[in-house]
Ligand code: ZN
């Protein structure tokens, strides 16, 4: 692999470079929902939620939002992220990456248990991720998921969010609103 060109210091350029990298790496991936949306839709939604969660732009955190699933879902490594986008972005992504050696259920248990240990910025990322996932289940539930399974996902996401010690207030309010759909959505 050729060495990547050094990344600009301009926030917009840095964010767009992360968006392009994520789009390329997730190009073959679709969301699990019936509508099969391109996976990048999820990443842009998460980054946009993070950008709107504060009046001051945390460029690195928005970039991490775009890149948060690269290590878990694609061939990208931690080192590559650090080399291209810097250590701050790479370690934020590491904080929200599940251990791939563990089975799915164990990972879910750990996400609840470990929520308390995450840095406040990683907690913001986690919260944005869960909002996007719940919205996706509401808008376009995975075909193979029973109502029970969808509801279980909602309950699990809430357990993770309840474990966060410093949830961003704007995103927490948004999460609570989406979670409340549990009681009034035809898809749940
Ligand atoms: Zn995600």
Distances longer than 30 Å among the Cα atoms of the chain: what percent of all pairs is that?
16 percent
Gain in span if fully extended, residue 139 to residue 170, counting 0.36 nm per residue against the direct Cα distance
9.0 nm
Give the peptides 61-67, 135-141 in descending order of average Cβ contacts within 10 Å, highest first.
61-67, 135-141
How high is the relative contact order of the chain, in percent, counting Cα pairs under 8 Å that sit 6 or more residues apart?
22 percent
Between residue 97 and residue 146, what is 0.36 nm times their sequence separation minus the Cα-Cα distance? Round to one decimal in nm.
15.0 nm
Computed FRET efficiency, Cβ-Cβ of residue 75 and residue 16, R0 25 Å: what is it to the nearest 0.05?
0.70
Working from Cα positions, state the angle (0 to 90°, nearest 10) between the long axis of helix 11-25 and the longest principal axis of the chain.
70 degrees
CD proxy at 222 nm, helix term only [per DSSP H run n ≥ 4: -39500 (n - 2.57); per residue of the chain; nearest 500]
-19000 deg cm²/dmol
Could you tell me the center-to-center distance, by alpha carbons, between the stretch 94-142 and the stretch 1-76 in angstrom?
16 Å
Distance in nm between pseudo-label sites at residue 106 and residue 56 (7 Å out along the Cβ direction from Cα)
4.1 nm
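FYI, it's all coordinate maths here, none of it is from the lab. Not measured: the values here are computed from a predicted model. We place every Cβ from the backbone using ideal geometry, glycine too, and count neighbours over all the protein chains shown.
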